[in-house]
Amino acid sequence: MLAKITAKNQLTLPKSVTAAIGASEYFEIEVRNGQIILTPVRIQRADTVCAKLAELDLGEQDIIDAVTRARQPVKGSATECK
């Protein structure tokens, strides 16, 4: 499949490609061994995150506790301070 880049560095993805990956407005871009790799990214809006937190019945203290636990070094890991 061939695509042409415009003078403004814009590239149009063929419809068959976008149909295969589904609707996506944003892509993570990586250059690997001279190739451009596009990975679809699903952006979650703040209201979606808030709705999920409400569904899980998580409060502010639950979030604080989770962050505190996540910041603790894992015993036996290379990043553990001695």
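General remarks:
- Range in the chain, longest, excluding exposed GluC sites (Glu not before Pro) [loop by DSSP; at most 12 other beta-carbon atoms within 10 Å]: 26-79
- The angle between the Cα long axis of helix 46-56 and the longest principal axis of the Cα atoms of the chain comes to about 40 degrees, rounded to the nearest 10.
- In percent, rounded to a whole number, the relative contact order of the chain is 13, using alpha-carbon pairs under 8 Å and six or more apart.
- Here the calculated FRET efficiency for Met1 and Ile43, from their Cβ-Cβ distance with R0 = 22 Å, stands at 0.25, rounded to the nearest 0.05.
- Label-to-label distance for Leu13 and Asp62 is 3.4 nm, based on points extended 7 Å past Cα in the beta-carbon direction.
- Farthest towards the positive end of the charge dipole of the chain, among the residues Thr68, Cys50, Phe27, is the Cα of Phe27, using unit charges on the Cβ of Lys, Arg, Asp and Glu.
Bear in mind that the values in this text are calculations on the coordinates, not laboratory data. A quick note: this is a predicted structure, and the numbers were derived from the prediction, not measured. So basically every Cβ, Gly included, is an ideal-geometry build from the backbone, and we count neighbours across all protein chains shown.
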